[in-house]
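Visitor: Below is a structure I'd like to ask you about.
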Amino acid sequence: MPRTAGEHSVSLLQRDTLDVSLALSPSERPSQLTQHEQDEVYVAIGGRGVLLHDGQRDSFESGDLLFVAAGTEHRFEDFTDDLAVWVVFYGPCGGEVLLVSKPEKASTP
């Protein structure tokens, strides 16, 4: 992927609320602390590192899938130079609403 100084990702698909990008290892270490309006999924396809989010540090490597809820501050730390991730933003601003269903009541004859 050709890059200019400071650029580390390219958007490859946008449709409705879906935005898919390919991101390579950022030059800044650790990466900047960010938050986004949509839910976000990362699929690591190269390298390894640590995702800092919600006060947690999750180690990951190529093949791992990571989720970050909308509005959550997060960043990558201790990542290798060969880090490559698919970045998938989706859903409404503010993230998807978790629907909790109530158990059905048994009907009585």
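Values quoted throughout were computed directly from the atomic coordinates according to the rules given, and no laboratory measurement underlies them. In this text the structure is predicted, and so the values were computed from the model without any measurement.
Visitor: Taking amide H atoms as placed 1.01 Å from N in the peptide plane, list the residues 5 or more away in sequence, or in a different chain, whose amide H sits under 5 Å from that of PHE79.
Guide: Here VAL50 satisfy the definition.
Visitor: Is region 9-90 best put as rounded, prolate or oblate by its Cα gyration tensor, with a ≥ b ≥ c the root eigenvalues, rounded for a/c under 1.5, and otherwise prolate when a/b is larger than b/c, oblate when not?
Guide: Oblate, because a/c is 1.5 or more while a/b does not exceed b/c.
Visitor: Then there is this: Would you kindly derive the ³J(HN,Hα) couplings of region 20-34 from the backbone phi angles with the Karplus curve 6.51 cos²θ - 1.76 cosθ + 1.60 (θ = phi - 60°), listing them in order in whole Hz, with x for Gly and Pro?
Guide: After applying 6.51 cos²θ - 1.76 cosθ + 1.60, I find 10, 10, 10, 10, 10, 3, x, 6, 7, 10, x, 5, 5, 6, 10 Hz.
Visitor: Would you please give the residues with an amide H less than 5 Å from that of HIS53, counting only those at least 5 places away or on a separate chain, with H modeled from the backbone geometry?
Guide: Amide H to amide H, under 5 Å and 5 or more residues apart or across chains, HIS53 pairs with ASP58.
Visitor: Report the relative contact order of region 1-79, percent, no decimals, based on alpha-carbon pairs under 8 angstrom and at least 6 residues apart.
Guide: Reported relative contact order: 30 percent.
Visitor: Moving on. Give the long-range amide H neighbours of SER62: residues separated by 5 or more places, or on another chain, with amide H under 5 Å away, using H modelled in the peptide plane at 1.01 Å from N.
Guide: For SER62, the qualifying residues are GLY47.
Visitor: Mind running the shape call on region 12-60? Use the C-alpha gyration tensor, a ≥ b ≥ c as the square roots of the eigenvalues: rounded below 1.5 for a/c, prolate if a/b tops b/c, oblate otherwise.
Guide: prolate
Visitor: So, one more: Can you work out ³J(HN,Hα) from phi for every residue in region 48-62, in order, using Karplus 6.51 cos²θ - 1.76 cosθ + 1.60 and θ = phi - 60°, giving whole Hz and x for Gly and Pro?
Guide: 7, x, 10, 9, 9, 7, 6, x, 10, 10, 9, 6, 8, 8, 3
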